Amino acid sequence: MKKFSFRIYTLLLFFGLSGYLSAQQNIENRIEEVLSKMTLRQKIGQMNQVNARKPDEKLYQQIRNGEVGSILNAEDPVLLNQLQKISVEESKSGIPLIFARDVIHGFKTIFPIPLAQAASFNPKAAETGARIAAVEASENGIRWTFAPMMDISRDPRWGRIAESFGEDTYLSEIMAAAMVKGFQGDDLSNPSSVAACAKHFIGYGAVEGGRDYNISNIPERQLRNIYLPPFEKSVREMGCATVMTSFNSNDGVPPSASKFLLTDVLRGEWKFDGVVVSDWASIGIMVTQGFCENKKDAARKAANAGMEIDMVSACFIDHLEQLVKEGSVSEQTIDHAVRNILRLKYRLGLFENPYTDLESERKIYAPEHLDEAKKAAEESFVLLKNKNNILPLSEQIKTVAIIGPMADAPHDQMGTWCFDGEKEHTQTPLNALKKQFGSKVDFIYEKTLSFSRDKDKSRFAKAIDAAKKSDVVLLFIGEESILSGEAHSLADLNLVGAQSELVAELSKTGKSIVTVVMAGRPLTIGREADLSDAVLYAWHPGTMGGPAIADMLFGKSSPSGKLPVTFPRYVGQIPLYYNHEKIGRPAKKNEVLLNDIPLEAKQSSLGNTSYYLDAGFDVLFDFGYGLSYTTFEYSNLTLSKDNLSKNDVLQVSVALRNTGNREGCEVVQLYTADIAASITPLVKELKDFKRITLKPGEQQIVTFDLPIQKLAFWNIDMEKVVEPGKFDVMVGGNSVDLLKKRFTVN
Ligand code: BGC
């Protein structure tokens, strides 16, 4: 029986595979056929992407001339079908256009910002969110999204940290891969699939000082160990269809003209056969960056490095033809790019099916989409403090004051980078609290500050009055959506406007304060956390943030999110991330601090370790940290072996018990640390995680399979290897409180 089914399986595999291969071959043949009939101008047209926010006669003519290959920023399906018709029926080559857009965390149904989704440590939820975004966007004719962003970001000053999965390479790898899968579906040619885009290649999250568009200086080894892995996984394992280069220059070279990145790594090492697109005018800005003399020079350098689509800078369409004639860009280079672009169009099924079906059932804002958005929001919330278990609130509670600028901010709770979200469809905490619990609880609402930056304190008295009349204060503070995202870096991460003073004033009433922070990044909220009884970090939670928050505050759901990024106490501590390299003099945490220094103390290497005299030793909240309404106990960390070879799989198990009196979900995290290596190793690095739900009193043995190959890194010889030696494996509920065991790799 076993043999029989094995044979069938092998046959199926063979025919499945050979079917796939012949389909691929078919595509390659068709590409060659189309290519052989194209003029140079038409080929270069495929490499030109234009912005069509306001399409005009000039654009129509360009399309007719075959000078446009893809369009971004148009999203009206009727218009898109018109543009497509011109391309397919009126241009000589008849090649369909691709319509692209930034669909980052939802199209109409807005999911939590990607940083929040990372806090869920739930790749399945990220996949579902991306799938829903693809379904909604493709209904409007969009077949290419510029997402997911997988820049490792260790700097919350950088506004785009909101779009990232945070500071950790492994978590970013997993979340990015899940989103690619969600966007692209099982089959890219399905009309509800959209091509994903791994961006920004590379180092954009490491811009100096967190200032957007700045430079980065990441050496190759660190690039390979920390920054490239999410891209590599998305491209090699998930078949991510496209890659976007970044605005920064890294070590003096803008990625849009980096042969090392685009040709050697992406094509050579990773065998990428998709499309490379520039970021918005990132070819043109190489002139401003001083890397190119003029736009023609920029076109030459970018094309020769392996760039294929010029997003809006028109460098390619204006100069490539001449460059080919002059012999400084070869026609083979152009052909290579056009093959990749045509391949994408074939894979998307656009040659067979170029138009959007305007008659099909609309799924935008479908109830199941809203349900998933709510679930994703719930899983992303991180409970940072819960003194005396003030949360969840009891429905027996009589009067609750709802205070603050973010309680009813339908636009702002959607977060950054959602062009298509509509505030009319957003459900705010104020409305949800009233709707879901208003029949039992009296709510008094005082907005007090009109928006997060508001400094007008004239309504503080009313807020204090409301607090005094209430049993508990629900305080909604944070930042407006526009304060994070592209081009919105901040030098100060304290709460803006008069929000901090509002917290201080309310705390003087002696009432219990539950603070809900809605923000696109970690804020330095140490003082406000001290003055609050509970702090729930809700990020920018999207369309369904309100009902998700309301349910969580009243215990219909329980927090399970964990921080995907370290929260600093002070901006001056940045960069601050858990997985840093080992240092020679780490702080012992009992050293002298600023005010311990005697007057006129003699010069000395005070403390002799690495820390700030004025900021102390600690972060505000650690990577991986987050509380639940219940408690969990870890015990009995067990390894299947303590001596292993490089191809072994280590089984790591731990007993996890729910020691509280509510059901709860815990993100069990597994870290490893290389004790000594040919380069200074990281103090620890996340290697796996699992979300485990347990009933009160329930215990489960949680087991991880850790392939020893996961310990490989780019070493002193720039080779990716597992180096023999001793390693620690650590398991726990955050990056600090961990059980630890040692093993040896031979
Ligand atoms: C951003 C990209 C985005 C592109 C297109 C750029 O400014 O950096 O992330 O995809 O615009 O909107």
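Helix-only mean residue ellipticity at 222 nm, the chain, DSSP H runs n ≥ 4 weighted -39,500 (n - 2.57), per residue, nearest 500. What is it?
-8000 deg cm²/dmol
When ligands, DNA and RNA are left out and all protein chains stay put, how many square angstrom of accessible area per residue does the chain have with a 1.4 Å probe?
40 Å²
What FRET efficiency would be calculated for the residue pair Thr638, Asn388, taking the C-beta separation as r and a Förster radius of 56 Å, to the nearest 0.05?
0.95
If we sort 507-516, 330-339 on the protection proxy, mean other Cβ atoms within 10 Å, highest first, what's the order?
Taking the mean over residues of other Cβ atoms within 10 Å, the ranking is 507-516, 330-339.
Straight-line reach only, C-alpha to C-alpha below 14 angstrom: list the aspartates and glutamates that Lys684 could link to, leaving out same-chain residues fewer than 8 apart.
Within the straight-line cut-off, Lys684 pairs with Glu167, Asp168, Glu581, Asp622, Asp674, Asp728, Asp737.
For the stretch 319-328, in order, what is each residue's ³J(HN,Hα) by Karplus, 6.51 cos²θ - 1.76 cosθ + 1.60 with θ = phi - 60°, in whole Hz (x at glycine and Pro)?
10, 5, 4, 5, 4, 5, 4, 6, x, 8
List the extent of the Cα atoms of the stretch 381-553 along each of their three principal axes, largest first, rounded to whole Å.
Largest to smallest, the principal-axis extents are 44, 31, 30 Å.
Estimate the FRET efficiency between Lys741 and Glu368 by the formula 1/(1 + (r/R0)^6), using the beta-carbon distance for r and 45 Å for R0, to the nearest 0.05.
It comes out at approximately 0.55.
Work out from phi, with θ = phi - 60° and the Karplus expression 6.51 cos²θ - 1.76 cosθ + 1.60, the ³J(HN,Hα) of each residue of the stretch 707-716, listed in order in whole Hz, and give x for Gly and Pro.
Using θ = phi - 60°, the values come out as x, 4, 4, 5, 8, 5, 8, 7, 9, 4 Hz.
Given the pairs Lys181/Lys387; Lys37/Lys271; Lys233/Lys562, which are separated by over 29 angstrom at their Cα positions?
Lys181/Lys387
Along the charge dipole of the chain, which of Pro696, Gly210, Asn190 sits closest to the positive end, that is, farthest toward it, with unit charges on the beta carbon of Lys, Arg, Asp and Glu (+1, +1, -1, -1)?
Farthest towards the positive end: Pro696.
So, with +1 on the Cβ of K and R and -1 on the Cβ of D and E, and no other charges, what is the size of the charge dipole of the stretch 68-145 about its Cα centre, to the nearest 20 debye?
Using only the charged Cβ atoms, the result is roughly 180 debye.
Past 24 Å, Cα to Cα: identify those pairs from Lys92/Lys295; Lys457/Lys556; Lys588/Lys740; Lys43/Lys301, in the order given.
Table pairs above 24 Å Cα-Cα are Lys92/Lys295; Lys457/Lys556.
Treat each spin label as a single point 7 Å out from the Cα along the C-beta direction, and report the Ser36 to Asp471 distance in nm.
Placing both labels 7 Å along Cα→Cβ, they lie 8.1 nm apart.
Would you be so kind as to identify which of Val496, Phe381, Leu553 lies farthest towards the positive end of the dipole of the stretch 381-553, taking Lys and Arg as +1 and Asp and Glu as -1 on Cβ and the Cα centre as origin?
In the stretch 381-553, that residue is Leu553.
Ignoring ligands, DNA and RNA, please state the percent of accessible area on the chain from carbon and sulfur, probe 1.4 Å.
Answer for the chain: carbon and sulfur cover 50 percent of the accessible area.
Tell me whether the stretch 135-182 comes out rounded, prolate or oblate; compute the Cα gyration tensor, take square roots of the eigenvalues as a ≥ b ≥ c, and use a/c under 1.5 as the rounded threshold.
Note, shape of the stretch 135-182 comes out oblate.
Going by amide H atoms built from the backbone, whose H comes under 5 Å of the H on Met244, apart from near neighbours?
Here Ala198, Lys199, Phe201, Val277 satisfy the definition.
Amide H to amide H under 5 Å from Lys687: which residues, 5+ apart in sequence or cross-chain, H placed 1.01 Å off N in plane?
Long-range HN contacts for Lys687: Leu670, Tyr671, Thr672.
Arranged from highest to lowest average of other beta-carbon atoms within 10 Å per residue, in what order do the peptides 475-482, 68-75 appear?
The peptides rank, most packed first, as 475-482, 68-75.
For the residue pair Ala491 and Asp705, what label-to-label distance in nm results when each label sits 7 Å from Cα along the Cα-to-beta-carbon direction?
Label at Ala491, label at Asp705, 5.3 nm between them.
So if I place +1 on the C-beta of Lys and Arg and -1 on the C-beta of Asp and Glu, and nothing else carries charge, what would the dipole magnitude of the stretch 135-258 be about its Cα centre? I want it in debye, nearest 20.
Here the stretch 135-258 has a charge dipole of around 180 debye.
Given a Förster distance of 30 Å, report the FRET efficiency between Glu581 and Asp618 from their Cβ-Cβ distance, rounded to the nearest 0.05.
Once the sixth-power term is evaluated, E becomes 0.95.
Distance from the Cα centre of the stretch 208-260 to that of the stretch 458-489, in angstrom?
Measuring centre to centre over Cα atoms gives 38 Å.
Show me, for the stretch 364-381, the HN-Hα J-couplings you get by feeding each phi into the Karplus relation (A = 6.51, B = -1.76, C = 1.60, θ = phi - 60°), rounded to Hz, glycine and proline as x.
4, 6, 4, x, 5, 5, 5, 4, 5, 5, 5, 4, 4, 5, 4, 6, 8, 5
Report Rg (one decimal) and Dmax (nearest whole number) for the chain, counting Cα atoms only, units Å.
Computed over the Cα atoms of the chain, radius of gyration and Dmax are 27.1, 87 Å.
The values are calculated or read from the model by the stated rules, or taken from the named source; none is laboratory data. As the structure is a prediction and not an experimental result, all values here were calculated from the model. Note that we place each Cβ from the backbone using ideal geometry, even for glycine, and neighbour counts take in every protein chain shown. Please note that ligands, DNA and RNA were not included when accessible areas were found on the heavy atoms of the full protein model with its side chains. Shrake-Rupley method; radii C 1.70, N 1.55, O 1.52, S 1.80 Å.
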